[in-house]
Amino acid sequence: DAKTTQPPSMDCAEGRAANLPCNHSTISGNEYVYWYRQIHSQGPQYIIHGLKNNETNEMASLIITEDRKSSTLILPHATLRDTAVYYCIVRVAGSARQLTFGSGTQLTVLP
Amino acid sequence: DAGVTQSPTHLIKTRGQQVTLRCSPISGHKSVSWYQQVLGQGPQFIFQYYEKEERGRGNFPDRFSARQFPNYSSELNVNALLLGDSALYLCASSSLSPGQGATGYTFGSGTRLTVV
C-alpha cells in the first residue's frame with residue numbers, strides 16, 4: 001500500500017470547516033483513499049473513502065486531486081466532538097486485508 | 001445492537017507473564033482483526049481471522065498468537081511479556097471476507113495493557 005503524509009496537528013474553530021490534507025504521491029491507479037478517525041480512548045471509526053471522484057456523506061467530504069497524489073478531508077462545520085486523530089490510508093480494495101495506519105493528524109476543535 | 005466488545009478494558013501484568021485478551025465481534029460478523037497501538041502512534045496490524053482461519057499476520061514475534069472460535073469471538077495471547085508490549089490492543093470486526101474493502105471494519109474500544 002502507498003505511504004501517506006499528514007501534518008501532525010491542526011486547529012480549527014468550532015463551527016468552521018476543518019480541512020485535513022493528505023499527501024499520497026505514490027498512489028497506484030487501483031488504490032483507494034480511506035479516512036478514519038480515532039477519538040481519545042476509542043477505536044478508529046470509518047469516515048469516508050474514494051477512488052478518484054469527490055465523495056460526500058453525512059460525516060464529511062473527500063476531495064481528491066485530479067492527479068490523485070493528494071486529498072483533503074473536509075468537515076464542513078466542525079464541533080468539539082470532532083476533536084480526534086484523523087488517519088488517511090491508501091490501499092487496494094480487494095487485495096490487502098489489513099489497514100495500515102500512519103501517525104495521523106491530531107485535529108483540535110477550539111471553542 | 002452491541003458493538004465490538006473487548007475484555008478486559010484495562011490490565012496490568014508483570015514482565016515474563018502471559019496475557020489473554022478477548023473480543024466479541026458484532027453479531028453476524030465473521031472476520032476479526034487485532035491491532036496494537038503504542039502511545040503516540042497509529043494502530044499496527046497483528047492478525048486477521050476469517051471463518052476461524054488465520055488470513056493475515058503482521059510483523060510481530062511468535063510470542064503473539066490468536067485464535068477464533070466457532071461463535072466468531074477471538075482471543076489474542078501474548079507470552080513472555082516485555083515492557084514494550086504495553087499498548088492499547090484493538091479488535092475490529094467485519095462482515096466482509098478479507099479483500100472486500102476497508103469500509104466494513106468496526107473497532108472496539110480496546111484493552112489497555114500495561115506491563116511493569
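The values are calculated or read from the model by the stated rules, or taken from the named source; none is laboratory data. Because the structure is a prediction, the values reported are computed rather than measured. For neighbour counting, all protein chains shown are included, and Cβ atoms are generated from backbone atoms with ideal geometry for every residue, glycine included.
Data overview
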| quantity | calculated |
| --- | --- |
| Only listed residue being touching a residue at least 12 places away in the same chain (Cβ under 8 Å) and over 26 Å from B:Ser93 (Cβ atoms), chosen from A:Ile47, A:Ile63, A:Ile74 | A:Ile74 |
| Residue within region A:91-104 that is more than 10 Å from chain B (Cβ to nearest Cβ) and under 13 Å from the mean Cα position of the chain (by Cα) present | no |
| Residue within region B:54-66 that is more than 14 Å from chain A (Cβ to nearest Cβ), at pLDDT 95 or above, touching a Leu at 6+ places or on another chain (Cβ under 6 Å) and farther than 21 Å from A:His49 by Cβ present | no |
| Number of the exception - B:Leu81 against (1) out of contact with any Lys or Arg (no Cβ under 9 Å at 6 or more places or on another chain); (2) farther than 25 Å from A:Thr105 by Cα; (3) modelled with pLDDT of 95 or more; (4) not β-branched (Val, Ile, Thr) | (1) |
| Filter pass, A:Ser103 being surrounded by 13 or more Cβ atoms within 10 Å (Cβ to Cβ), outside any strand (DSSP E or B) and of a type in the set (Ser, Thr, Tyr) | yes |
| Any hit, region A:16-25, residues being without any contact (Cβ under 8 Å) to a residue 60 or more places away in the chain and more than 13 Å from the chain's Cα centre (by Cα) | yes |
| Filter result (of a type in the set (S, T, N, Q) and either modelled with pLDDT of 95 or more or in a loop (DSSP other than H, G, I, E, B) (or both)) within region A:7-47 | A:Ser9, A:Asn19, A:Asn23, A:Ser25, A:Thr26, A:Ser28, A:Asn30, A:Gln38, A:Ser41, A:Gln42 |
| In region A:59-81, the residues that are assigned to a loop (DSSP other than H, G, I, E, B) and within 14 Å of chain B (Cβ to nearest Cβ) | A:Met59, A:Ala60 |
| Within region B:11-40, tally of residues that are assigned to a strand (DSSP E or B), more than 11 Å from B:Phe107 (Cα to Cα), within 14 Å of the chain's Cα centre (by Cα) and not small (Gly, Ala, Ser) | 6 |
